[in-house]
Structures are given as structure tokens and as C-alpha cells.
Amino acid sequence: MLLAGVIRAVAVALALGAAMSALAASPARGAGPKVPFVLRDQCPGECCGFGQWIARSALVAYRHEGSRSDVAFRVHPGDTLRAIRGNVHVERAGMVLVTEAGDGFQRGDTVFVMSYGGEGAYTVWYHNQLRVCGDFWLEPDAGEPGPRGELRREARMVWWVYVEDQRGIGGWLRLLNRTSNGFWLEEQIEGMDACA
């Protein structure tokens, strides 16, 4: 009798595990994107620009985008670089719970924050597709109709920028976003902000 109970418990656990695996494998309407997720040809932030940059802090350029295993060259304060292109790697999507419907978002839905585009605009994942919207979870406009939301989890975004040094050697800078509101780097680089 004890053996039958153990067998029954194991069978229930196996069935529950199989059901949970099937549920995890099926894409739900509010399911987030698979990460890491790469948004190509991105320059996050207001006035963000490529071209000539001057490093004001030490940096490392890697041989391959997305990998820190092989160093192409080191950048010293005062070095000049030519920034050519960048891709945002979303290592963890932010998560926003919609608390008030508007602009196509429904109350109770989940919006996944992917990347910041500047001027309060974000690329988000909603109903299994990318779209651009305002930061309704951060600073909703008082008295304005529209969605409201609550940030449940911050996104983790890394901007990989392909640069060339003065010798023409190319490499990828790994620049980590340090804020949940916009895009801010600890590294000091002159020229990437055209408004400065």
C-alpha cells in the first residue's frame, strides 16, 4: 500500500512536470520575448550619434559582438574612435503591468520594455510583436487620457558599438545601460551625444 502511494505520487509529479513544460513551451499572448534579444542598428538616447568619439574613460574593444572573451584593443582616455554602428542586446526585458488601458494596451496586460529610443520613447514587446510607445509607466501625463502602468522589473540593456581606432583596427565596445529611465552610461565618451 505504501508502495502504491509512492508510485501514485511519482506519477502525479511526472504529469504535473510534463504539463508545466508544455505550458512553458507554448507562446502565451502576454509571453515575453526570448532573451538575449538583439535590436539592430540602434543608437539609444536623445541626440545619440555615431562618428568621431573621444574616450574620456578607459574602455575595452572586443573582437566579437556579444562576447568578452577576446580583446581587440584597449582604449585610453583621450583616444579617438570612429563609431560606425550599434546594436542593443536585451539581456533581460523590463516588465510593466498595465494598470489603466489606453493606446491599444489593455488593463492587466504585461508590456515588456526592450530599449530606449530617446525623448521618452521606448521599444516594447507587446502581444508577441515590437512597437514603440511612450514611458507611460514612469511619468504619466496628468489629466491626459492614455495607459498607465507599474514597472515590475527593470530591463537590462547592453549597447554593443562597432568602432575603429586611429590605426583602423575594429572592435566592439560593450556599454551597459545604468538606469531604468532612459539610457545612461558610466563610461565617459565625448561625441556620442550630438546635443552636448
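The values are calculated or read from the model by the stated rules, or taken from the named source; none is laboratory data. In this text the structure is predicted, and so the values were computed from the model without any measurement. Cβ sites come from the backbone with ideal geometry, for glycine too, and all protein chains shown count toward neighbours.
Data for the structure
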| quantity | calculated |
| --- | --- |
| Among the candidates V111, V132, residue that is touching a Gly at 6+ places or on another chain (Cβ under 7 Å), in a strand (DSSP E or B) and closer than 30 Å to L59 by Cβ | V132 |
| Selection status of G171, of a type outside the set (K, R), within 19 Å of the chain's Cα centre (by Cα) and buried (at least 16 other Cβ atoms within 10 Å of the Cβ) | no |
| Selected residue (criterion: surrounded by the fewest Cβ atoms within 10 Å (Cβ to Cβ)) from residues of the range 146-168 that are among the small types (G, A, S) and farther than 21 Å from D70 by Cβ | G146 |
| Tally, over the range 47-77, of residues that are of a type in the set (D, E, K, R) and assigned to a strand (DSSP E or B) | 1 |
| Some residue of the range 88-105 being assigned to a strand (DSSP E or B), closer than 22 Å to Q129 by Cβ and aromatic (F, W, Y) | yes |
| Residue within the range 167-177 that is more than 18 Å from Y62 (Cβ to Cβ), touching a residue at least 12 places away in the same chain (Cβ under 8 Å) and not in a strand (DSSP E or B) present | no |
| Residue among E139, E65 that is among the acidic types (D, E) and in contact (Cβ under 8 Å) with a residue 60 or more places away in the chain | E65 |
| Which numbered condition P36 misses (of (1) loosely packed, with under 10 Cβ neighbours inside 10 Å; (2) at pLDDT 90 or above) | (1) |
| Residue list for the range 78-87, filter: among the small types (G, A, S) and not in a loop (DSSP other than H, G, I, E, B) | A83, G86 |
| Matching entry among C43, C48 (being of a type outside the set (V, I, T), farther than 19 Å from W125 by Cα and either buried (at least 19 other Cβ atoms within 10 Å of the Cβ) or in contact (Cβ under 8 Å) with a residue 60 or more places away in the chain (or both)) | C48 |
| Which listed residue, of Y162, Y122, Y126, is in contact with a Cys (Cβ under 7 Å, 6 or more places away or on another chain) and of a type in the set (F, W, Y) | Y122 |
